[in-house]
């Protein structure tokens, strides 16, 4: 334990160093307080956001939008990805759409979504779903293709139905790769949520950030960035822990733990 | 057997493969022409293409496209140079890893679009804010992919190089760098996609030029066919840039079996 703590402290040192440099530059009047507010000012702002409860409200709204889009995309992406592996028609239809859609900047379609669905949460969630869909689908498809054929043949020999093969063999075997897709899509959902909130308003962390920048409230901008970075780090680490837990049975987790 | 031979044909095979896209395009045109959807909400594809051809005759369109591409290319190139240098140094020198490792780790999960207002605060509405944003956003994936690639260098190769008298610098240049290239190229693909997302987002949010600005302006002005045409332009540019990078990657990594 003691050695672990020392290692931890060593990892923390550069971050403390960065904060010290930030504070020193801010105090030295090389820059103005507008361009670089001091660490203390920003920390005070973050603290007051926490104490007044505004932060909880913003985080809640942003996470609701991001996770709603992310989860719809996961259900849709896994369904399409697995179907592509067993139904040639689905593969024929989605393969070119995904190969074209995957590398393109989906966020450029936001004004079209706004035109169709208006300025509410539906538009934001639809945009986030669309942005996340491709990474999850491609990974689910690749995962399903990688399933060892012998497992499927054995199940067929034992009389499993197509449906059983899908839910009991292909889905669990593709889970590591599906989770990889989800791990790629999760940051995408956060980035898209922030951009939709900055463009369309409607509160949340992105809305608050743009508002602070419109009012030239630079401590507010810095505090919002710190809050967003913290929220992002927490969400992504929870996903990482979830992967470990869901894959307890898988060799990936077992070798890593040793 | 006939579909099989069709699929192997260089032109017809492509048409068969991409026929769902053609079907969607036809459905788009038909639903709008037949009045199934509002013509404002979804202008017919033919109208959008007409708007696009008009753009091709319009010098200001090239100006906006050039601005966006210049910003993305500058920010991305800077991020590649610095990210590869930093990543390989982190893998080669312990103190560099001890200094920058925790910082990279801390900022990596951060949603990069949160930096848009900060870069505007620092550099205003012009090029510099966008270039800096794209540079910062792409720097982390480039650093991490180079670090991971360099760290995975086969130790036996390094030992052999040392025993043949290679200096530290020679080992990095001739062994570590080529060994990390596959990982670097994979990181570049992530960074390229991110560069597109960041230039479009930042120009949509606030800018005075660029394709994102053009989308916003045509949309706000109710010129929906033009808006669809710019969106299609951005989407195809993203697709073509990705294809180009894949081609470059194949060429760069030709020496691998």
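Taking each DSSP H run with n ≥ 4 as -39500 (n - 2.57) and averaging over every residue of chain B yields -26000 deg cm²/dmol at 222 nm.
Hydrodynamic radius of region B:43-91 by the Kirkwood approach over all distinct alpha-carbon pairs: 13.6 Å.
As a calculated quantity, the FRET efficiency between residue A:119 and residue B:34 at R0 = 25 Å, using C-beta atoms, amounts to about 0.30.
Compute the FRET efficiency between residue A:40 and residue A:86 as 1/(1 + (r/R0)^6), taking r as their Cβ-Cβ distance and R0 = 51 Å, and round to the nearest 0.05. That gives a FRET efficiency of 0.30. Across chain B, C-alpha contacts under 8 Å between residues 6 or more apart give a mean separation that, scaled by the residue count, equals a relative contact order of 22 percent.
Contact order, relative form, for region B:18-138: 25 percent (alpha carbon pairs under 8 Å, 6 or more residues apart, mean separation divided by residue count).
Here is the P(r) of region A:36-257: all C-alpha pair distances, binned every 10 Å from 0, give 8, 27, 28, 20, 11, 4, 1 in whole percents. Each residue, residue B:240 and residue A:246, gets one label point 7 Å from its Cα in the Cβ direction; the gap between the two is 3.8 nm. Here region B:107-168 and region B:26-102 have alpha carbon centers that stand 20 Å from each other. For the protein assembly as shown, the C-alpha radius of gyration divided by 2.2 N^0.38 Å, with N the number of residues, is 1.04. Principal-axis analysis of the Cα atoms of chain B puts helix B:177-205 at an angle of about 40° to the longest axis. Simple spin-label estimate for residue B:105 and residue A:20 gives 2.0 nm between the two label positions (7 Å along the Cα-to-Cβ direction from each Cα). What FRET efficiency would be calculated for the residue pair residue A:5, residue A:56, taking the C-beta separation as r and a Förster radius of 25 Å, to the nearest 0.05? Once rounded, the FRET efficiency stands at 0.20. Counting only alpha carbon atoms, the long axis of helix B:127-151 and the longest principal axis of chain B meet at about 50°. The base-10 log of I(q)/I(0) for region A:1-109, evaluated at q = 0.13, 0.16, 0.17 Å⁻¹, reads -0.87, -0.93, -0.96 [Debye formula, identical scatterers on Cα atoms, solvent excluded]. Exposure proxy shown here: for B:112, A:124, B:57, the number of other Cβ atoms within 10 Å sets the order, fewest to most, as B:57, B:112, A:124.
The stretch between residue B:255 and residue B:24, if pulled fully straight at 0.36 nm per residue, gains 79.1 nm over its current Cα-Cα span.
Evaluated over the Cα positions of region A:129-187, the convex hull gives a direction-averaged projected area, one quarter of its surface, of 4.0 nm². Just checking the listed ones, A:67, A:82, A:18: in the Gaussian network model of chain A with Cα springs under 10 Å, the one fluctuating most is A:18.
Other protein chain C-beta atoms within 10 Å of residue C-beta, averaged over B:194-201: 6. Using all pairs of distinct alpha-carbon atoms, the Kirkwood hydrodynamic radius of chain B works out to 21.2 angstrom.
Cα centroids of region B:181-243 and region A:201-249: 23 Å apart.
Estimated purely from DSSP H runs of n ≥ 4, each contributing -39500 (n - 2.57), the mean residue ellipticity at 222 nm for chain A is -27000 deg cm²/dmol once divided by its residues.
Each Cα pair under 8 Å and six or more residues apart adds its sequence gap; the mean of these over the residue count of chain A is a relative contact order of 23 percent. Compared with the dominant Cα axis of chain B, that is its longest principal axis, helix B:211-220 is turned about 30°. Among A:120, A:220, A:201, which one shows the highest mean-square fluctuation when chain A is modelled as a Gaussian network with alpha-carbon springs under 10 Å? Fluctuation is largest for A:120. Springs join every pair of Cα atoms under 10 Å in this Gaussian network model of chain B, and among B:238, B:14, B:87 the largest mean-square fluctuation is at B:14. The modelled label-to-label distance for the pair residue A:156/residue B:73, using points 7 Å beyond Cα in the direction of Cβ, is 5.2 nm.
Only the coordinates and a few stated rules stand behind these numbers; no lab work does. In this text, all values refer to a predicted model and were calculated from it rather than measured experimentally. Methodologically, a virtual Cβ is constructed for each residue, glycine included, from the backbone with ideal geometry; neighbour enumeration extends over all protein chains shown.
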